[in-house]
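Visitor: Below is a structure I'd like to ask you about.
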Amino acid sequence: MKTRTFTLLIIALTLSLQSFGKIVNTPNPCGPLPNADQLRWQDMEMYAFIHYSLNTYTDQEWGFGNESPDLFNPSNLDCRQWARVCKQAGMRGIILTAKHHCGFCLWPSAYTEYSVKNAPWKNGQGDVVRELADACRKENLKFAVYLSPWDRNHPEYGRPEYITYFRNQLRELLTQYGDIFEVWFDGANGGNGWYGGANETRKIDDKIYYQWLDTYKLIRELQPHCVIWGDNANRADLRWVGTEAGFVGDPNWSLMYAEGQANGDMLHHGVENGNVWCPGETNTSIRPGWFYHEPENAHVKSLSKLMDTYYKSVGRNSTLLLNFPIAPNGRIHPTDSLRGIAFADMIKKVFKDNLARKAKITATNVRGGQKQFAPKRVTDGKANTYWATDDQVTKASLTLEFDKPTTFNRFLAEEYIALGQRVKKFALEVWIDGEWQPLRDALVDNGDGLTTIGHRRIICFPTVTTTRLRFTILDSKACPLISEVGLYLAPELTADIPNSGEKRSSGLHIFFSSPKQMFIDCEADQTITAFRYLPPQNTREGTITRYTLWASLDWNKWEKLASGEFSNIVNNPIWQTIKFTPMKARVLRLEADQLAEGDRMAFEDVEVVTQP
Ligand code: FUL
């Protein structure tokens, strides 16, 4: 009897130790971790930007701050249309430019007269922020705000009083419009502005002037689940990816340093050994500009360009913030909505059928040999289950075997990032002609192999037909935790449709007379209506940010045509158009009054628009 009791006790102890073992066998976290709000934000994957302000009516990218509110009178403003289009375009939320750099407020702020309350639209009774917040709620979309720190209208900009004003406005936005999922604080500051009539240049040190940490505290208090997008990547919840062209780097780590200044490389790739979780958000516009410009109706991004953007943002461990500008009538232009909807449809089509589900999956190592970490976890469609290896195993493979030859051209993998981002390097091979052959990422040409995974990694490669695929983690910070694997057959990526209408500078004789002055000789008298400048595409060096343009018929008598700034040209180096009253001329003289970098002006292309 005694022996039996003892045996039973041993069995019970062993069983409970085993199940206890299962609990302790959960992998330890690795490095900095995302918080619940960052995880929720990452799961949104795609959400929309809406750029709308007085710029919509002045054909500008950056208003100066003295544009009249009288201009704001849309004939057909319809926030439900914006929300419906965004929803159908696969967006899970909308961020609205409640106030852009010109300072004009799309809501009737109690702290300024420069707002919709002094616009003819709805006799000053309108509130775009309210209408969009309500429309988002109806469409089951999340809502967020962009509040420009740089305010070219406000008389106190640059002084401490402005910070109080800025925070008061933030308080209005965060307390009067329901849940806000993100706040977006643009880092741009071009210096000069109207500033209540002072009409001068006011440079600030943004790290000191805005006292961000106190502002962040206010946000946490008013909207505890809101994530903060800030230029000072180290303390905000999310980071800019260093370009507005619509792609993040490869590798892409969701980590940054908590202190110090982030450079372009860190923004683009994150920091492998960073000490704070700060994932990248890829922001880009569906058109060249952020605001609506009629001539860009012919330049809405093609479907293949948008898919490329998706693969290089969501497919590289980032989210995609895709901008839809509002046209002067108060609606998203039909070309943009159709393209956006086609984009969402294509994503659905590509990722509809996960062929990996049909494969038998084996692994070189399974954590503790336990079911809960078995390879089949990667195709169960559950985000919180994963295949894991033993602690010391940082190199391991999954092999997917099919009953019959299977054709695909996309690979998808996801890490269980709640316990940290781990994988540094991986490889893909397919069994062809009796041997393993490597698959390369068709969208990366650095030849360094496949790098990070994070929340989601998608690899595009030419279509292959095979019975076996091997996915090998080559290096990982700790045992890899892979929650999802997918194989898909997508229509092949086609070459992007070139932007029609962007003529090269044929028939022009161009030369520099000094580092900051160039002549554009049309070699015949012409009636000129506009001049277009495309800055260098791969460097900021020589990019003109302020200009003066002159014209002459005889190289002797010069008439000034225009002077001003090329707004946002540094972050978004697209064609810039200077329009003027048609004028007969043979030669133009372009002077660079300010350069972004370097001391020699440069261009990728120029164009003189003439009247036939
Ligand atoms: C930039 C701004 O200067 C642009 O006007 C735009 O709002 C873009 C999203 O951010 O830095």
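Visitor: Over all directions, what mean area does the Cα convex hull of the range 28-76 project, stated in square nanometres?
Guide: Answer in nm², one decimal: 6.8.
Visitor: Can you give me the long-range amide H partners of residue 97? Hydrogens built in the peptide plane at 1.01 Å from N, cutoff under 5 Å, separation of 5 or more residues or another chain.
Guide: Amide H neighbours of residue 97: 50, 52, 146.
Visitor: Then there's this: Out of residues 5 or more away from residue 278 or on other chains, whose amide H comes under 5 Å of its own, with H placed 1.01 Å from N in the peptide plane?
Guide: Placed amide hydrogens put 255, 256 under 5 Å from residue 278.
Visitor: Here is a further query. I'd like to check one number: the per residue accessible area of the chain, probe 1.4 Å, reported in Å² as a whole number. Intermediate results must be reported in sequence, preceding the final value.
Guide: Details: 26040 Å² over 612 residues.
Ligands and nucleic acids excluded, the figure is 43 Å² per residue.
Visitor: Another question about this same structure. Might you report the magnitude of the Cβ-based charge dipole of the range 264-311 about its Cα centre, with Lys and Arg at +1 and Asp and Glu at -1, to the nearest 20 debye?
Guide: So the magnitude is around 160 debye.
Visitor: Can I ask one more? Determine ³J(HN,Hα), in whole Hz, for all residues of the range 557-572 in sequence, where each value follows from phi through the Karplus function 6.51 cos²θ - 1.76 cosθ + 1.60 and θ = phi - 60°; x replaces Gly and Pro.
Guide: Rounded to whole hertz, the list is 9, 10, 10, 6, 8, 5, 8, x, 10, 9, 5, 6, 5, 6, 7, 9.
Visitor: Between the DSSP loop rule and a limit of at most 14 other Cβ atoms within 10 Å, which trypsin sites (Lys or Arg not before Pro) in the range 187-290 are left?
Guide: Numbers: sites: 202, 203, 207, 217, 220, 235, 239; in loops: 202, 203, 235.
Hits after loop and neighbour filter: 203.
Visitor: Also, quick follow-up: Take the Cα coordinates of the range 22-146, assign each an equal point scatterer, and use the Debye formula without solvent to give log10 I(q)/I(0) at q = 0.12, 0.14, 0.17 Å⁻¹.
Guide: After summing over all Cα pairs, the log10 values are -0.54, -0.67, -0.89.
Visitor: Could you work out the helix-only [θ] at 222 nm for the chain, with each DSSP H run of four or more residues adding -39,500 (n - 2.57) and the total divided by the number of residues, to the nearest 500 deg cm²/dmol?
Guide: Value at 222 nm, helices only: -6000 deg cm²/dmol.
Visitor: Show the residues, 5+ positions off or on another chain, whose built amide H is closer than 5 Å to the amide H of residue 489.
Guide: Sorted by chain and number, the residues that satisfy this are 409.
Visitor: Taking θ as phi - 60°, what are the ³J(HN,Hα) couplings along the range 585-594 by the Karplus curve (6.51, -1.76, 1.60), each to the nearest whole Hz, with x for Gly and Pro?
Guide: 7, 10, 9, 10, 10, 10, 10, 8, 7, 7
Visitor: Based solely on C-alpha atoms, express the radius of gyration and the Dmax of the range 399-484 in angstrom.
Guide: 13.2, 40
Visitor: Something else about it: Output ³J(HN,Hα) for the range 405-417: one whole-Hz value per residue in order, computed from phi by the Karplus curve 6.51 cos²θ - 1.76 cosθ + 1.60 with θ = phi - 60°, and x for Gly and Pro.
Guide: Once θ is set to phi - 60°, the couplings for the range 405-417 become x, 10, 10, 7, 8, 9, 10, 10, 9, 9, 9, 7, 6 Hz.
Visitor: Follow-up question, since we're still on this one. Per 10 Å bin, what percent of the C-alpha pairs of the chain does each bin hold, from zero upward?
Guide: 3, 15, 23, 23, 17, 10, 5, 2, 1, 0, 0, 0
Visitor: Which distance in Å, rounded to a whole number, links the C-alpha centroids of the range 178-209 and the range 32-62?
Guide: Centre-to-centre distance over Cα atoms comes out at 17 Å.
Visitor: I'd like the carbon and sulfur percentage of the solvent accessible area for the range 509-610, probe radius 1.4 Å, heavy atoms only, ligands and nucleic acids excluded.
Guide: C and S atoms contribute 42 percent here.
Visitor: So for the range 98-151, what percent of the C-alpha to C-alpha distances run longer than 12 Å?
Guide: Here the tail beyond 12 Å accounts for 65 percent of pairs.
Visitor: Now a separate question. Taking a label point 7 Å from the Cα of residue 75 along the Cα→Cβ vector, which residues of the range 302-339 have an amide N closer than 16 Å to it?
Guide: In the range 302-339, the label zone of residue 75 (backbone N under 16 Å from the point 7 Å along Cα→Cβ) covers 327-334.
Visitor: How many lysine pairs does the range 355-488 hold where the Cα atoms are under 16 Å apart and the two sit 8 or more places apart or on different chains?
Guide: Lysine pairs meeting the criterion: 11.
Visitor: Sticking with this structure for a sec: Run the quick spin-label model on residue 570 and residue 370: label points 7 Å from Cα toward the beta carbon, then report their separation in nm to one decimal.
Guide: 5.2
Visitor: Under a plain spin-label model, where a point goes 7 Å from the Cα along Cα-to-Cβ, how far apart in nm are residue 203 and residue 342?
Guide: In this crude label model, residue 203 to residue 342 measures out at 4.5 nm.
Visitor: Now for a different question. Taking every DSSP beta bridge with both residues inside the chain, roughly what % is antiparallel (nearest 5)?
Guide: 75
Visitor: D for the range 509-610, whole µm²/s, Stokes-Einstein with Kirkwood Rh over alpha-carbon pairs at 37 °C and 0.692 mPa s: what number?
Guide: 243
Visitor: What nm value, rounded to one decimal, do you get for the distance between residue 609 and residue 349 when each label is placed 7 Å out toward the C-beta?
Guide: Result for the modelled spin labels: 3.4 nm.
Visitor: For the range 355-488, which whole percent of the accessible surface, found with a 1.4 angstrom probe, sits on carbon and sulfur atoms?
Guide: 45
The values are calculated or read from the model by the stated rules, or taken from the named source; none is laboratory data. These numbers come from a predicted model, not from an experiment. Cβ atoms come from the backbone with ideal geometry, glycine included; neighbour counts cover every protein chain shown. What goes into the accessible areas is simple: the full protein's heavy atoms, side chains included, and nothing from ligands, DNA or RNA. Shrake-Rupley method; radii C 1.70, N 1.55, O 1.52, S 1.80 Å.
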